[in-house]
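Visitor: One structure, as structure tokens, below. Some questions next.
Here, each number is a calculation from the coordinates, and none is a lab measurement. Predicted model only: the values in this text are computed from it and were never measured. FYI the Cβ positions are ideal-geometry reconstructions off the backbone, even for glycines, and counts take in every protein chain you see.
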Amino acid sequence: MNRSAWQLDLLPELGKLASQLAHPMHDRLAAGSEPAACEADRVTQLAEGSVVVEGFGRTGLPDCFERSVNASELLEEADAVGYEIKWLFQNDDPNIVKATDIVVKSLEEAGFEASPVATTIANFSTDREDPDNDDINVRSGGWLSDWPSGGSWFPPVFQSTDLEEEGLGSNYAVFSEPEVDQRIEEISMLPIEEQPAAWNELDEFIATEYFPLFVLGYGGVAMTHGSKIEGFEVDTAAGMPTWKGIWVEQ
């Protein structure tokens, strides 16, 4: 399951929340920048079907994320009206150009100064992964887990990296908090049956205490099959059928 997000660690606190409220997730999807199967307006890092317990982010957004909260009011409260958001976009992809125009319009209506920075499909990853790239203060990126567990999400996305030796890795928010690093290590050593609840608690803790990113949506794949295909199950980690159990009804 692929999760795409805006990484916000360089923004002031209320500006982070305001940028989520101002981001036109659904309109952006309609413009074709993400797969149509994406499910936006979610908080939790792990998508449905992951090995976590029911809880944070599973039944809707927490009260502090209600859409009735106005992004403009949050910016005024933070004395941050006109705060500039700078992010990369691929100017050689027509769909991304259309989606970027929608994001710019929405952010500016909320009171931000929107400054998309042009790059190309070929150079996007290199430009995004440069920790010294001062032309941007928001990074857009996704994460495709190797298996549906917190152990395949939180270490690569939220654990501190050595910028000089490793670069950003998949931690595009340049997020670095010793307490989170310690909790990731502790949860990884728990008995496997205790880990789902612990990862779920960490998910909520990171979002409420630090809010380094917000989720834009989850990529999905439509897997149609004939009525006589039996034993068809979805492998949520690989994004394809569980081939070994499929058989055809005669």
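Visitor: Restricting attention to region 124-228, which GluC sites (Glu not before Pro) occupy a DSSP loop and are surrounded by at most 14 other Cβ atoms within 10 Å?
Guide: E164, E165, E166
Visitor: DSSP loop chymotrypsin sites (Phe, Trp or Tyr not before Pro) in region 67-107 with at most 10 other Cβ atoms within 10 Å of their Cβ, which ones?
Guide: Taking region 67-107 and a limit of 10 other Cβ atoms within 10 Å, no loop chymotrypsin sites (Phe, Trp or Tyr not before Pro) are found.
Visitor: With each pseudo-label sitting 7 Å past Cα toward Cβ, what's the H225-N123 distance in nm, one decimal?
Guide: So the two model labels end up 4.5 nm from each other.
Visitor: Continuing with the same structure: For region 109-151, treating each Cα as an identical point scatterer without solvent, what Debye log10 I(q)/I(0) comes out at q = 0.31 1/Å?
Guide: -1.20
Visitor: Which residues' amide hydrogens lie under 5 Å from the amide hydrogen of L213, considering only partners 5 or more residues apart or on another chain, with H built in the peptide plane?
Guide: Long-range HN contacts for L213: L8.
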